[in-house]
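These notes are about the structure you will find just below.
The values are calculated or read from the model by the stated rules, or taken from the named source; none is laboratory data. Keep in mind it's a predicted model, so treat the numbers as computed, not measured. Here Cβ is always computed from backbone atoms with ideal geometry, including for glycine, and neighbour counts include all displayed protein chains.
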Amino acid sequence: MSGIATNLVWRQFRRMCSKSREQHAKARFISIKEKIISNTMISKNHLTPEISLHLITSECKLFHEPVCEGTERVFDNDPFWGFYWPGGQALSRFILDTPSVVKSLRILDVGSGSGACSIAAKMSGAKIAVANDIDYGAKVAADLNAELNNVIISTCTQNLIGNFCKDFDVILVGDVFYDKDIADQILPWLTNLRKKGKEIYIGDPGRHGLSTDAMNLMDKVLTYELPENCCIENNGFKIVNVWKVK
Ligand SMILES: C[S@@+](CC[C@H](N)C(=O)[O-])C[C@H]1O[C@@H](n2cnc3c(N)ncnc32)[C@H](O)[C@@H]1O
């Protein structure tokens, strides 16, 4: 075979591989989207009834079926995106009531889960909002929820901890201080970003990852009372705070 013919065959082979990768990615997205739709209810029963979300509520089978060893999982990872965590609810409520904190700005929502904070930011006039979560299921849920609320957001599944975030003005962190490990990774990163001029808001109901030392680096902006269903789902947390890194 001549050099030109080999080149042509090689290019055709690469095109086929790339097409097959695209088809595989599309099929994966659609399969998770269908599973989310069939395992969740659309809910407005939370602090931001302006936002509808596909959530795993007490009416859903999955809510009552903890995953046991040996049973087949519906989703590869625990579906954190199927719950609207107190920290995310408070941050979204704050953004909807105080649009000036995001208006015309570029927003990064770290640990975005359902994507609610990104949706709230876009509803409040953000220039762009990126829902960032390392779980691919959360990416699909955020896309689906954005569509449900008629807003356009972007999604990203990269672990951005340590990133300079040069394309963002405001960082939102809803309920990500759920243990010491993640707190130890995320807090130094956030305080560095603050030194670079980013505005950083954290929603948290008092999880143990947010230590007294951590709180000393922040100002409390607001406290909300949680709705009853949310208290029950969240081990009795009754209030939730919005913090701003100093
Ligand atoms: C408790 S959920 C909070 C979800 C949402 N912010 C809310 O308040 O409803 C925490 C989320 O953080 C995500 N997460 C954990 N480590 C992360 C990381 N390094 N980068 C991005 N997301 C992460 C998890 O996958 C999970 O969806």
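Screening the candidates G125, G113 for the property of being within 12 Å of the ligand (Cβ to nearest atom), at positive phi and in the same structural domain as L172 (by TED's automatic domain parsing) yields one hit, G113.
Residues being under 25 Å from I56 (Cβ atoms), among the aliphatic types (A, V, I, L, M) and more than 12 Å from the chain's Cα centre (by Cα): count how many of those fall in the stretch 125-151.
Within the stretch 125-151, the first condition is being under 25 Å from I56 (Cβ atoms), and the residues that meet it are 129-151.
Applying the additional criterion that residues be among the aliphatic types (A, V, I, L, M) yields 129-131, 134, 138, 140-142, 144, 146, 148, 151.
Remaining after also requiring more than 12 Å from the chain's Cα centre (by Cα): 144, 148, 151.
Selection size over the stretch 125-151: 3.
Of the set (1) surrounded by 24 or more Cβ atoms within 10 Å (Cβ to Cβ); (2) in the same structural domain as Y224 (by TED's automatic domain parsing); (3) within 13 Å of the ligand (Cβ to nearest atom), all apply to L53 but (2).
If we keep just the residues of the stretch 225-245 that are exposed (fewer than 15 other Cβ atoms within 10 Å of the Cβ) and of a type in the set (S, T, N, Q), which is farthest from S211 (Cα to Cα)? Even if it seems obvious, please write down each step before you answer.
Residues of the stretch 225-245 exposed (fewer than 15 other Cβ atoms within 10 Å of the Cβ): 225, 228-229, 232, 235-236, 238-239.
Add one more test, that the residue is of a type in the set (S, T, N, Q), and what stays is 229, 235.
Details: N229: 26, N235: 19 Å.
Ranking the candidates gives N229 first.
Of Y178, Y224, all but one fail to be within 15 Å of the ligand (Cβ to nearest atom) and either assigned to a loop (DSSP other than H, G, I, E, B) or at pLDDT below 95 (or both); the exception is Y178.
Taken over the stretch 110-124, the residue count meeting the criterion of being over 10 Å from the mean Cα position of the chain (by Cα) and of a type in the set (S, T, N, Q) is 1.
Sub-8 Å Cβ pairs linking a first residue in the stretch 155-178 that is among the charged types (D, E, K, R) to a second residue that is near the ligand (Cβ under 8 Å from one of its atoms) and assigned to a loop (DSSP other than H, G, I, E, B), at least 6 apart or interchain, are D175/W85; D175/G111; D175/G113, ordered by first then second residue. The strands (runs of 3 or more DSSP E) found entirely in the stretch 60-160 that carry 1 or more residues being modelled with pLDDT of 95 or more and buried (at least 24 other Cβ atoms within 10 Å of the Cβ) are 106-110, 128-132.
Can you say whether I161 is closer than 18 Å to G203 by Cα and within 12 Å of the ligand (Cβ to nearest atom), as far as the supplied structure shows?
Numbers: closer than 18 Å to G203 by Cα: yes; within 12 Å of the ligand (Cβ to nearest atom): yes.
The answer is yes for I161.
Reported count of residues in the stretch 1-29, each being in contact with a helix residue (DSSP H, G or I) (Cβ under 9 Å, 6 or more places away or on another chain) and in a helix (DSSP H, G or I), is 2. Once the stretch 139-158 is narrowed to residues that are within 25 Å of T98 (Cβ to Cβ) and small (G, A, S), the residue that is nearest to the ligand (Cβ to nearest atom) is A142.
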